[in-house]
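Structure first, then comments.
Read-outs throughout are calculated quantities, based only on the coordinates presented, and are distinct from any laboratory measurement. Worth saying up front: this structure is predicted, and the values here are computed from it rather than measured. Cβ placement follows ideal geometry from the backbone for every residue including glycine, while neighbour counts extend to all protein chains displayed.
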Amino acid sequence: MSPAPRSFLSSPESSAHRRRRRRGDAATPTCASPGAVECPVYDRYVNHKYGFSVDLPTFFVKKAGDADGRGQPFEYASKARVRAWAMFDNPPMTVQQLYGDWTRRDGITFKTLAMNTWVVRGHDGGRLYYTRSILADGIISPSRSATTATSLTSSSPSSRARALR
């Protein structure tokens, strides 16, 4: 039996607001172009094999996934990329060891560790990135969003990770 999915990437808006927008509730503010960058609509990709999910604006295009089913990339007009994947914690490491490993690189502008989850944000090769990882049931499930610094505007898609567990 597959573990319950962990959700990683979501919008800066609240979960309740996103659910209303998906359902089209009257409480949701109207947009000139629902689904556009300025007014995104979200869909959820679920990887049942490794037990994680990703909420993404519908304008992200699903690309070819890993052959073994561990990872799934998405792209928005060559401006932003999201990749969510899973890997076994082998050899087994503690959350503190994994956090230390993930934060031992140049360009980090923010990092934090809370229980079984760590977040790393920074820049690498002209791209800004945000990564959130969760260690649960012997599986590390990171998700990463990246965008070029020049493609960022006030209406650019941004992603924030969250865990269901």
Length released on extending from GLU38 to GLN96, taking residue separation times 0.36 nm less the Cα-Cα span:
17.1 nm
Any lysines with Cα under 28 Å of the LYS63 Cα? List them, leaving off those in the same chain fewer than 8 positions away.
LYS49, LYS79
Cut-off is 10 Å between beta-carbons; in what order do TRP118, TRP102 appear when sorted fewest neighbours first?
TRP102, TRP118
Determine, for ILE139, ILE134, ILE108, the number of other Cβ atoms within 10 Å of each Cβ, and report the residues in order from fewest to most.
ILE108, ILE139, ILE134
Selection of trypsin sites (Lys or Arg not before Pro), the range 34-129, meeting DSSP coil and at most 11 other Cβ within 10 Å:
ARG104, ARG105
Quick one: length gained pulling ALA114 to CYS31 fully straight, 0.36 nm per residue minus the C-alpha distance?
26.3 nm
Stretched out fully, how many nm does the piece from PHE88 to ASP106 gain, at 0.36 nm a residue minus the Cα gap?
4.0 nm
